[in-house]
């Protein structure tokens, strides 16, 4: 089919979504929207985009913020490495490019956390660079249109789809074309129950002709989920609460949580108190258990967190206690993982 681009652009003019980052050529705001929308639905990401642009109207404002402030504003979106990379990249723009967002693909691609897709999306939308984007929607549309059986989660598959996407790009309007094919995948050529009967590309869709629409795109394998068991100690003393900041390269880096004892399997509270980690966290201070709350399983991309929060009261927080004491009424000022936020909302009011 030779008119794919024309048909997509015509469809987009009628059906495309009106989104704030599509009404601007500001590369900073386009980049911000792309980072927020990675692994996030538009409906969820919209409020975050509006909050970020209000608080950080340009890249210099974002670069000047503290990491804690950025993570707090990001709270609830998950995949917090995106927020840390966003913040680091903003500081790179200031340090390396004088606060002016770069306009060429290679410079944008060199920023922290920016991959091929994001660099292509920013450069095509802001600067009309002839760069085709390849995201989940594009994989789906192209794999069905051309009935491609190459798995999309292999190096060979990603390379093949990148080349195919580039051949279909409308170089007269690359930014608009990229938005059109992504919206087409999100609204028309959906993962389940695609609207094939009302599809303007149906006549040339090879997967529709072959009866393989439901089988496209092909994935070679699925990530194995791993279970982890988190035992939180919600320790309070009067108006103070113990918090710890997660460090290292594990999940939720830079976020705050209650003191944590991770175990290889589920364990009851008596089992926790008999281990050395409990004494290390609380020191020699007297304490009493107020109750325990089993949280619903919290699923991340590669793991499932099984968390229990044990509510503990102590008359004093000794120097041996691990963590930092914060005013209990200020807990909302700290960026915490989503499961801790849900616990606070449900049990602290």
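Bear in mind that the values in this text are calculations on the coordinates, not laboratory data. As the structure is a computational prediction, the values presented were derived from the model and not from experiment. Note that each Cβ is placed from the backbone with ideal geometry, even for glycine, and that neighbours are counted across all protein chains shown.
Projected label points at residue 160 and residue 67, each 7 Å from Cα along the beta carbon direction, are separated by 4.1 nanometres.
Computed from label points 7 Å out along Cα-Cβ, the spacing between residue 262 and residue 24 is 3.7 nm.
Which log10 I(q)/I(0) values does region 226-347 give at q = 0.09 Å⁻¹ under the Debye formula, counting every alpha carbon as one identical point scatterer? Once normalised to I(0) and log-transformed, intensities are -0.23. Rounded to the nearest 5, what % of DSSP beta bridges with both residues in region 226-347 are antiparallel? DSSP beta bridges in region 226-347 are roughly 65 percent antiparallel.
Between Rg and the Kirkwood Rh of region 4-215, both from Cα atoms, what is the Rg to Rh ratio?
Details: Rg = 17.7 Å, Rh = 18.0 Å.
Reported Rg/Rh (Cα atoms, Kirkwood Rh): 0.99.
Computed from the C-beta positions of residue 6 and residue 103 and an R0 of 30 Å, the FRET efficiency is 0.60 to the nearest 0.05.
Taking every DSSP bridge with both residues inside the chain, close to 65 percent are antiparallel.
Kirkwood hydrodynamic radius of region 5-74, from the reciprocal of the average inverse Cα-Cα distance over all distinct pairs: 13.5 Å.
Report note on the peptides 135-145, 297-307: ranked by the mean count of other C-beta atoms within 10 Å, highest first, their order is 135-145, 297-307.
Modelled spin-label separation between residue 294 and residue 167, with each label point placed 7 Å from Cα along the Cα-to-Cβ direction: 5.6 nm. Measuring from centroid to centroid over Cα atoms, what is the spacing of region 1-50 and region 224-284 in Å? Here the two parts' Cα centres lie 41 Å apart. Ranked by the mean number of other Cβ atoms within 10 Å of their residues, highest first, the peptides 158-164, 289-295 come out as 158-164, 289-295. Going by neighbour counts of Cβ atoms within 10 Å, the residues 124, 81 line up, fewest first, as 81, 124.
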